[in-house]
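One structure below.
The values are calculated or read from the model by the stated rules, or taken from the named source; none is laboratory data. No experiment lies behind these values; they were computed from the predicted model shown. Cβ sites come from the backbone with ideal geometry, for glycine too, and all protein chains shown count toward neighbours.
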Amino acid sequence: MKNFKYQNPTKILFGKGQLENLAEEIPSNAKVLLLYGGGSIKKNGIYEQVQEALKPFEVIEFGGIRANPEYSILMQALEIIKSQKISFLLAVGGGSVIDGTKFLSAAAFYKGETPWDLLTQKIASTNALPFGTVLTLPATGSEMNSGAVITRAETKEKLAMGGPALFPKFSILDPQVIRSIPPRQLANGITDAFNHVLEQYITYPVGASLQDRMAESVLQTLIEIAPAVMQDPSDYTAASNFMWSCTMALNGILPLGVPTDWAVHAIGHELTALHGIDHARTLAIIAPSHYRHNFESKKDKLAQYAERVWNITEGTTAAKAQESIVKTEEFFQGLGINTKLSQYTDNYERTAQTIMKRFTERGWTGLGENKNLTPTDVEKIVEMAY
Ligand code: NZQ
Ligand code: ZN
């Protein structure tokens with residue numbers, strides 16, 4: 001096991017009716033900016049519940065932070081934060097609203113030339129406006145981590161940021177919210193969380209038995225609850241296991257003491273930026289090719305995954321490892337998620353080359369757990385995913 005440091009300051013309020021406790025978590029004299037997405041919270045009753053809970057506070061609203069939160073829209077919210085002297089941000093939504101809020105939290109305190117620097121210059125945010133979240137869509141884990149991903153349509157870029165000041169002060173996780181989530185987004189949530197675990201698990205063995213088994217537990221739980229969640233999102237037992245699995249997949253517990261990959265996400269973000277494909281689907285497109293391309297260095301963990309998660313006990317290490325990739329593809333496909341780029345766009349032929357060039361320009365020349373995945377490897381992986 002490798003050395004590690006760990007701290008996660010986010011307070012979690014999990015379960016039915018936890019929204020009623022919202023006011024206690026916000027400083028009593030706060031001037032609150034309530035941030036939300038395209039309007040789902042106005043259709044499913046969450047907006048009214050939040051309004052009710054926020055009665056003791058002066059509240060201003062900013063809606064319209066849609067999927068893949070857009071920089072130019074967030075800059076409008078930043079104006080409000082500054083002109084209205086907002087002291088607390090409350091994100092009510094999925095990963096996009098929460099990530100947009102994290103960006104605003106950092107941007108409000110950023111003294112440099114343009115807040116876009118936070119994305120391009122990898123500035124770790126150590127000072128930020130405090131914020132909390134009410135999660136409406138289990139998927140990203142953003143509710144209990146300090147990362148965010150922001151899109152800029154003007155340049156077709158989608159980049160990550162983060163820092164120790166960007167953990168939410170609290171997150172309210174009521175699994176009942178999934179009742180109104182459309183099947184496409186439920187499938188996305190399961191697939192995103194599944195890939196978060198794979199990025200921190202399909203690397204090489206370092207003897208971290210507990211972390212491996214925790215990763216395998218999250219994968220097994222997601223496989224177990226997926227049919228129930230897809231069939232009946234009002235099944236509270238399935239919903240609660242789904243929601244907590246998504247949080248656990250990316251709250252910083254699984255990577256402790258183990259190598260992590262994250263190349264699938266780096267490549268996937270480009271597919272969203274270039275083709276507008278849902279985040280989770282980009283991972284389902286790239287992951288199988290990535291594991292096949294990097295088979296030699298990953299085959300021991302793939303075989304362990306085959307045995308412990310998919311119960312594949314027969315055959316050589318290589319055969320089990322190969323079979324686990326097929327099982328993974330079938331799992332995504334079973335959720336209604338296509339695993340080839342050409343199933344999403346006709347305009348795919350130059351994609352691999354474009355991503356290779358972008359990574360070269362950015363100096364992203366050594367991705368993955370071994371820091372040896374070159375832009376040429378990335379080009380091959382994307383071509384394999386056509
Ligand atoms: O915008 P509204 O109207 O609210 O509708 C949303 C949106 O259309 C809808 N939705 C959310 N909760 C709902 C609901 N519809 C009905 N009922 C509810 N209870 O779902 C749609 C998708 O929402 P979004 O927030 O975009 O989804 P998700 O949570 O999957 O977030 C995706 C974003 O997170 C980033 C992704 O790149 C993407 O931009 N990620 C963030 C990470 C992080 N911060 O740690 C890690 C991830 O790997 C990921 O990159
Ligand atoms: Zn993800």
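Details
- Taking strands (runs of 3 or more DSSP E) as the structural unit, those lying wholly within region 60-174 and holding at least 2 residues that are within 16 Å of ligand 2 (Cβ to nearest atom) and surrounded by fewer than 22 Cβ atoms within 10 Å (Cβ to Cβ) correspond to 157-162.
- Against the conditions (1) touching an Asp or Glu at 6+ places or on another chain (Cβ under 9 Å); (2) within 25 Å of A23 (Cβ to Cβ); (3) of a type outside the set (K, R); (4) more than 14 Å from ligand 1 (Cβ to nearest atom), I123 satisfies every one except (2).
- N3 being of a type in the set (S, T, N, Q), part of a loop (DSSP other than H, G, I, E, B) and within 16 Å of ligand 1 (Cβ to nearest atom): no
- Conditions (1) surrounded by fewer than 21 Cβ atoms within 10 Å (Cβ to Cβ); (2) farther than 28 Å from L373 by Cα: number failed by F242: (1)
- Of the residues making up region 177-188, those that are surrounded by 20 or more Cβ atoms within 10 Å (Cβ to Cβ) and more than 16 Å from ligand 2 (Cβ to nearest atom) are V177, I178, I181.
- Residue match in region 213-235 (condition: in contact (Cβ under 8 Å) with a residue 24 or more places away in the chain, closer than 16 Å to P183 by Cα, surrounded by fewer than 17 Cβ atoms within 10 Å (Cβ to Cβ) and not hydrophobic (A, V, I, L, M, F, W, C)): yes
- Residue check for G207: at positive phi and without any contact (Cβ under 8 Å) to a residue 60 or more places away in the chain: no
- The single residue among T221, T203 that is part of a helix (DSSP H, G or I), in the same structural domain as I337 (by TED's automatic domain parsing) and of a type in the set (S, T, Y) turns out to be T221.
- Qualifying positions in region 6-33 - surrounded by 14 or more Cβ atoms within 10 Å (Cβ to Cβ) and part of a loop (DSSP other than H, G, I, E, B): T10, G15, I26, A30
- Selection status of D261, touching a strand residue (DSSP E or B) at 6+ places or on another chain (Cβ under 9 Å), touching a residue at least 24 places away in the same chain (Cβ under 8 Å) and within 16 Å of ligand 1 (Cβ to nearest atom): yes
- Residue check: A215 meets all listed conditions (1) touching a strand residue (DSSP E or B) at 6+ places or on another chain (Cβ under 9 Å); (2) within 28 Å of K298 (Cα to Cα); (3) assigned to a helix (DSSP H, G or I) but one, namely (1).
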